[in-house]
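Undergrad: Here's a structure for you.
The values are calculated or read from the model by the stated rules, or taken from the named source; none is laboratory data. Predicted, not measured: the structure shown is a model, and the values here were computed from it. Cβ placement follows ideal geometry from the backbone for every residue including glycine, while neighbour counts extend to all protein chains displayed. The protein model used for the area step is the full one, side chains on, heavy atoms only, and it has no ligands, DNA or RNA in it. Shrake-Rupley method; radii C 1.70, N 1.55, O 1.52, S 1.80 Å.
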Amino acid sequence: MKLFRLFLVLTVLIWPGTALAAGADMDSVLNRLQEIGGRIETLSSDFSQEKYLSVFQEMLPAAGRFYYRKPDQLRWELTSPVTSGFVLKGKQGRRWSQAGDAGERFDISREPVMKIVAEQLLAWTRADFDRLRTEYDMRLLKESPVTLRLDPKGGAAGFLDYLQITFAESGGHVQQVEVHEKGGDFTRIIFHGTAINQPVADELF
Amino acid sequence: MNVSAVVAFLYRYFGSRRIFLLLVTIGVIGAGLLGFRSLTMQENIAAMLPDGGRVAEDFRLLQQAPFANKMVITVSAKGEMESGDLVSATKILADSLDADLFTDVGSGPDERLQREILPWLLAVLPNLATEEDLSLLESQLDAAGVKARMEETYRSLIGLEGWALKGLIRQDPLGLHRLALEKMRHLNLVPGARLVEGYFFSPDGRSVLLVAETPVPMTDSAGAEKLLVAFEQAARMLPDTVEARLVSGHRYTAANAQAIQGDLWRILSVSILALAALFLIFLRSARAIFVFLIPVSVVCLAATAVGLVYREVSAVTIGFGAVLLGIAVDFGLHVYFALRRGQGDAATLVGKVSRPILFGGLTTIAAFSVLLFSDLPGQRQLALFSVTGIGAALILALVVLPHLLPVGARPQESVRVSSPCGRRRVILSIWVILLIFGAWQAGRVDFNGDLRSMSLVPKDLAADEAKAQQTWGKVRGHAMIWSLGEDLDQALTVNDGVFRKLSGHPSVDSLVSLATLLPPRAVQEENRRRWREFWTGPKGEEILTAMEVQASQLGFSSGAFSPFYAMLEKSPLSVTPDSLQDVGLADMVSSLVADFDDGRVGVLSLVPETLAGLEAIEEALEGLEGARIVAQGRFAQDVSASIQYDFTRFILSAGLVVILALAILFRRPRKILAALVPVVTGLVMMLGIMGALGMTFNLFNIVAAILVIGLGVDYGIFMVFRQCEGLDRSTESAVLVSGLTTLAGFGALVLATHPALHSIGVTVLLGIGAAIPAALLVIPALIREPVR
């Protein structure tokens with residue numbers, strides 16, 4: 001299973017490079033978002049997920065909840081149609097695939113796929129554009145609400161087409177993420193009920 | 001005409017033709033020097049191992065061990081450190097290493113392996129899945145099992161990381177990759193490593209493994225030092241929080257070369273001082289220097305003779321031979337003392353001393369001839385070298401040297417060794433007591449055949465070796481099981497048999513083998529046939545039907561798993577070493593598959609080396625033709641047994657030859673036994689003291705023991721001649737001085753830090769140290785002929 005995950009991560013890791021400058025307007029927008037993102041201590045949000053995959057006859061809906069606590073604690077859980085998820089505290093994590101499942105522990109340094117996923121979640125939540133720029137070319141599609149298109153650089157383009165991230169009007173958090181794959185499949189995640197800098201229970205992590 | 005008359009005649013004959021004699025001598029020695037310069041030396045310890053039989057083959061097979069010829073570099077964090085930072089430091093080191101000296105620097109599997117291995121494994125799985133695998137599938141993939149796996153597939157796709165898994169899930173909805181990955185389980189050459197960011201990390205996450213190759217031969221001491229300097233330079237580029245350690249045979253080579261260089265200065269200084277003192281006390285003549293030129297001259301002649309017979313000359317042999325030619329200096333000393341202190345004309349004096357010299361020399365030659373029949377090619381060369389060298393030394397000492405030495409200039413001033421009756425009893429009593437003690441303790445000496453014990457292992461290198469082993473496991477300490485065949489497929493067939501017998505064996509904790517990934521052709525064909533039958537048979541159809549039902553219930557589209565169905569219908573190509581290399585397993589193939597010079601192919605399996613384990617493995621593999629177990633520890637035992645056998649054989653044979661020669665010379669048992677006193681005393685005391693001090697006897701001790709035998713016999717012959725045949729008192733001086741020069745020259749090696757040189761020094765010091773007093777005191781005490 002380790003090699004299996006390793007393979008996956010390698011495929012993902014093929015996204016190298018640095019972002020090109022996208023103009024002064026985008027820079028000022030990103031700076032503003034980054035400044036707001038830097039003030040986030042905790043974040044919790046419900047999300048709904050829509051998967052448009054050719055391997056399924058119909059769109060696959062799902063829902064779940066997301067938690068973040070500065071600097072590196074995450075919890076991502078699906079609550080329907082299946083129960084699964086993972087929690088991460090620094091490098092150490094635990095994942096589960098059904099309700100009541102004690103799950104299995106993992107070390108993020110040995111789970112490249114989880115590492116990538118976690119880094120992406122952290123980057124979006126903290127509006128860490130410096131990091132995102134190293135892996136994507138960014139374009140500002142819309143200023144209000146801020147909508148960015150992220151094109152992976154290099155060979156990853158053979159796998160992932162682009163990401164589209166929409167921020168809330170306030171700019172304080174991400175409201176929607178779309179992951180577009182080559183061949184037309186895509187996943188849309190919409191965040192709602194987002195609470196920023198509210199107490200988050202310790203036991204969640 | 002007897003020997004003395006011939007030698008006296010030759011002296012007179014060349015007396016008027018000295019210039020001609022010297023020119024011819026210089027010409028011959030010059031030719032020897034030229035021949036010596038053109039020799040091809042081989043610095044390989046293999047020359048000192050038997051060139052036939054099991055030990056020789058084991059030695060060749062041991063050279064093929066994975067990592068045996070590679071450099072292992074451990075990059076470690078000195079404190080807590082993020083894995084990414086350690087990887088960055090490792091990259092800095094790898095980039096800083098001199099690319100000409102460090103080739104193929106890498107850590108972790110080949111990049112292609114990480115990218116391609118899983119799809120490839122799934123594609124070739126029909127070749128690899130055994131009957132047991134299919135039984136396992138059958139039991140796991142019942143209706144409930146299929147349902148569970150399809151739901152897992154569904155969950156994976158719906159999860160956050162699903163987009164990354166989609167391609168593989170379409171190819172493998174039933175999770176057959178679990179079976180495929182099992183085939184890789186036996187390929188872990190580094191038991192202590194885990195893979196992080198494409199690098200081999202230690203279990204504690206604080207060290208990264210780098211493996212490098214180099215064009216510098218392991219025996220090239222100058223190249224090894226250059227390599228280590230380059231490594232240190234590169235290591236200086238690392239941040240202060242990171243350190244790097246290199247473990248490789250080159251460090252041994254460099255350390256040994258440095259130790260020998262350091263030893264040589266110290267030993268040469270001591271030897272030169274001691275020889276100078278002996279020169280001033282006993283010789284005091286500028287022309288006595290010619291005595292010491294004899295061994296130097298004959299080394300070139302003897303080495304050239306070996307070069308004419310053997311294609312490659314072992315440097316080890318020549319080194320040993322040069323030591324043994326210490327015998328040669330004694331002939332010159334006897335001639336010197338006879339001429340310098342004898343009374344009468346020079347021809348008569350030379351003729352008179354020629355008998356014991358010639359007999360001593362011929363006895364030594366006879367003893368060395370025994371080595372011509374040794375199993376060790378190096379010892380055969382050594383025999384030829386010594387026989388030729390001693391022959392040449394005899395000629396130089398008896399024919400040429402007398403014309404270069406002063407005659408009759410010094411008065412008799414021998415060492416007083418005459419033995420009054422009471423004193424004789426005391427001498428003999430002490431001698432007997434010492435002999436009994438020596439014989440008693442000699443039984444405690446163990447033979448040590450471990451080649452590593454004959455080289456120097458500095459403390460820092462031993463510590464680095466231990467640390468590497470602690471960090472990565474015994475990457476270089478596995479026992480090897482070679483599956484040998486006339487061609488690759490035959491070797492793979494044997495390897496398959498080895499795997500079947502050892503996999504799951506209670507004595508085999510871990511097994512490194514290619515068998516699961518590279519079965520022989522016939523097994524792959526059989527596996528494919530069985531795989532096809534399984535999926536087209538009732539069980540396969542049942543699984544596929546259950547899968548379709550589940551897919552439909554979970555909402556998968558009709559073409560969702562078309563890559564999986566295509567894989568089931570397609571007959572895959574066989575797995576070959578080339579296909580393994582193509583997916584990034586080239587290192588594994590080159591480590592575990594070897595083509596030998598004799599055309600055979602060997603496939604290697606590795607198991608942990610424990611004594612009990614080896615015995616159990618041997619038992620398990622009994623009757624499996626072509627399987628051969630080679631283990632470093634057992635190899636050392638075999639070499640040890642071989643050395644012991646060789647030593648015993650040599651001592652007995654040489655002893656017989658020497659006794660025969662003495663019998664021809666003296667014809668009286670009393671004289672024969674008396675002549676053997678120095679040899680027996682030297683050997684018994686040498687072994688006895690070594691036994692009492694808990695020292696072991698190695699290859700180098702054997703060769704040095706031959707020196708003790710050769711010199712001891714000479715001392716005996718001279719002293720018996722001295723007592724019975726009318727030689728004058730200068731004989732005692734000659735025996736004493738020749739013994740002391742030997743101690744000064746070779747006994748001084750005991751001061752060496754290098755184990756090999758030290759071993760020679762110990763043997764000579766103890767053996768000759770006992771033989772000299774035995775010759776000078778015991779023989780006169782035993783033979784009570786009147787002293788003239």
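Undergrad: Please tell me if residue B:146 is within 29 Å of residue B:81 (Cα to Cα) and either outside any helix (DSSP H, G or I) or out of contact with any Phe, Trp or Tyr (no Cβ under 8 Å at 6 or more places or on another chain) (or both).
TA: no
Undergrad: Do we have residue B:563 as surrounded by fewer than 19 Cβ atoms within 10 Å (Cβ to Cβ), closer than 26 Å to residue B:530 by Cβ and within 14 Å of chain A (Cβ to nearest Cβ) here?
TA: yes
Undergrad: Could I ask something else about it? Return the residues of the range B:270-305 that are over 19 Å from residue B:27 (Cα atoms) and under 32 Å from the mean Cα position of the chain (by Cα); say none if nothing qualifies.
TA: Listed by number, the residues that qualify are B:270, B:271, B:272.
Undergrad: Checking the structure you have, find out if any residue of the range B:248-263 is aliphatic (A, V, I, L, M), touching a Phe, Trp or Tyr at 6+ places or on another chain (Cβ under 7 Å) and open to solvent by less than 70 Å² (accessible area, probe 1.4 Å).
TA: Checked the range B:248-263: no residue is aliphatic (A, V, I, L, M), touching a Phe, Trp or Tyr at 6+ places or on another chain (Cβ under 7 Å) and open to solvent by less than 70 Å² (accessible area, probe 1.4 Å).
Undergrad: Right, another one. Which pairs do you get when a residue that is among the aromatic types (Phe, Trp, Tyr), found in the range B:232-255, comes within reach of a residue that is open to solvent by 60 Å² or more (accessible area, probe 1.4 Å), reach meaning Cβ atoms under 8 angstrom, with the pair 6+ apart or on two chains?
TA: B:252/B:457
Undergrad: When you scan the range A:52-148 for strands (runs of 3 or more DSSP E) that lie fully inside it, which ones turn up with 3 or more residues that are more than 25 Å from residue B:203 (Cβ to Cβ) and over 13 Å from the mean Cα position of the chain (by Cα)?
TA: A:60-69, A:73-80, A:136-143
Undergrad: Only residues that are within 10 Å of chain B (Cβ to nearest Cβ) and open to solvent by 50 Å² or more (accessible area, probe 1.4 Å): list them for the range A:60-75, please.
TA: Hit for the range A:60-75 is A:61, nothing else.
Undergrad: Okay, moving on. Criterion first (surrounded by fewer than 24 Cβ atoms within 10 Å (Cβ to Cβ), in a helix (DSSP H, G or I) and in contact (Cβ under 8 Å) with a residue 40 or more places away in the chain) does residue B:711 satisfy it?
TA: no
Undergrad: To continue, here is another question. Please count how many residues of the range A:76-87 are touching a residue at least 40 places away in the same chain (Cβ under 8 Å) and more than 9 Å from chain B (Cβ to nearest Cβ).
TA: The number of residues fulfilling the criteria is 1.
Undergrad: While we're on this one: Collect the residues in the range B:143-166 that are away from chain A (no Cβ under 12 Å), touching a residue at least 24 places away in the same chain (Cβ under 8 Å) and out of contact with any helix residue (DSSP H, G or I) (no Cβ under 7 Å at 6 or more places or on another chain), keeping them in residue-number order.
TA: B:149
Undergrad: Then there's this: Filter the range B:753-770 down to residues that are among the aliphatic types (A, V, I, L, M) and at pLDDT below 85 and give me whichever is most open to solvent (accessible area, probe 1.4 Å).
TA: Residues of the range B:753-770 that are among the aliphatic types (A, V, I, L, M), as a first pass: B:756-757, B:760, B:762, B:764-766, B:768, B:770.
After this cut, where a residue has to be at pLDDT below 85 as well, the list is B:756-757, B:760.
Details: B:756: 7, B:757: 36, B:760: 11 Å².
Applying the filter and picking the extreme gives B:757.
Undergrad: With at pLDDT 75 or above, touching an Asp or Glu at 6+ places or on another chain (Cβ under 7 Å) and either not in a helix (DSSP H, G or I) or not charged (D, E, K, R) (or both) as the only criterion, which of B:4, B:76 stands out?
TA: Selected residue: B:76, the only one of B:4, B:76 that is at pLDDT 75 or above, touching an Asp or Glu at 6+ places or on another chain (Cβ under 7 Å) and either not in a helix (DSSP H, G or I) or not charged (D, E, K, R) (or both).
Undergrad: Go over the candidates B:618, B:622 one by one and state the one that is part of a loop (DSSP other than H, G, I, E, B), of a type in the set (D, E, K, R) and surrounded by fewer than 19 Cβ atoms within 10 Å (Cβ to Cβ).
TA: B:622
Undergrad: Kindly list the number of the only condition in (1) farther than 16 Å from residue B:675 by Cα; (2) more than 31 Å from the chain's Cα centre (by Cα) that fails for residue B:735.
TA: It fails just one condition, (1).
Undergrad: Taking the range B:183-219 as the region of interest, how many residues are of a type in the set (Asp, Glu) and more than 11 Å from chain A (Cβ to nearest Cβ)?
TA: 2
Undergrad: Pull up the range B:113-142, narrow it to residues that are open to solvent by 10 Å² or more (accessible area, probe 1.4 Å) and facing chain A (nearest Cβ under 10 Å), then point me to the one that is nearest to the chain's Cα centre (by Cα).
TA: Only one residue tops the list, namely B:113.
Undergrad: Taking the condition more than 12 Å from chain B (Cβ to nearest Cβ) and either hydrophobic (A, V, I, L, M, F, W, C) or in contact with a Phe, Trp or Tyr (Cβ under 6 Å, 6 or more places away or on another chain) (or both), does residue A:108 pass?
TA: no
Undergrad: I'd like to verify a number: residues in the range B:167-178 that are open to solvent by 20 Å² or more (accessible area, probe 1.4 Å), more than 7 Å from every other protein chain (Cβ to nearest Cβ) and either farther than 29 Å from residue B:471 by Cα or in contact with a strand residue (DSSP E or B) (Cβ under 7 Å, 6 or more places away or on another chain) (or both), how many?
TA: So the first thing to find is which residues in the range B:167-178 are open to solvent by 20 Å² or more (accessible area, probe 1.4 Å), and the list is B:167, B:170-171, B:178.
Checking the rest, the ones that are also more than 7 Å from every other protein chain (Cβ to nearest Cβ) come to B:167, B:171, B:178.
Now restrict to residues that are either farther than 29 Å from residue B:471 by Cα or in contact with a strand residue (DSSP E or B) (Cβ under 7 Å, 6 or more places away or on another chain) (or both): B:167, B:171.
Residues flagged as open to solvent by 20 Å² or more (accessible area, probe 1.4 Å), more than 7 Å from every other protein chain (Cβ to nearest Cβ) and either farther than 29 Å from residue B:471 by Cα or in contact with a strand residue (DSSP E or B) (Cβ under 7 Å, 6 or more places away or on another chain) (or both) within the range B:167-178 amount to 2.
Undergrad: Any residue that is open to solvent by 40 Å² or more (accessible area, probe 1.4 Å), of a type in the set (Asp, Glu) and modelled with pLDDT under 80 - is there at least one of those in the range A:130-139?
TA: Checking the range A:130-139: not a single residue is open to solvent by 40 Å² or more (accessible area, probe 1.4 Å), of a type in the set (Asp, Glu) and modelled with pLDDT under 80.
Undergrad: Based on this model, can you work out whether residue A:97 counts as open to solvent by 40 Å² or more (accessible area, probe 1.4 Å) and within 12 Å of another protein chain (Cβ to nearest Cβ)?
TA: Yes, satisfied.
Undergrad: List pairs: first in the range B:360-385 and under 18 Å from residue B:708 (Cβ atoms), second of a type in the set (Asp, Glu) and assigned to a helix (DSSP H, G or I), Cβ under 6 Å, 6+ apart or cross-chain?
TA: Once the first residue is under 18 Å from residue B:708 (Cβ atoms) and sits in the range B:360-385, its partners that are of a type in the set (Asp, Glu) and assigned to a helix (DSSP H, G or I) give B:360/B:714.
Undergrad: Okay, next question. Tell me the residue from B:484, B:428 that is surrounded by 13 or more Cβ atoms within 10 Å (Cβ to Cβ), at pLDDT 85 or above and more than 27 Å from the chain's Cα centre (by Cα), please. Quick ask: steps written out before the conclusion?
TA: Details: B:484 fails: more than 27 Å from the chain's Cα centre (by Cα).
Result: B:428 is the single residue among B:484, B:428 that is surrounded by 13 or more Cβ atoms within 10 Å (Cβ to Cβ), at pLDDT 85 or above and more than 27 Å from the chain's Cα centre (by Cα).
Undergrad: Only residues that are within 43 Å of the chain's Cα centre (by Cα) and among the β-branched types (Val, Ile, Thr): list them for the range B:509-552, please.
TA: Scanning the range B:509-552 gives B:512, B:516, B:523.
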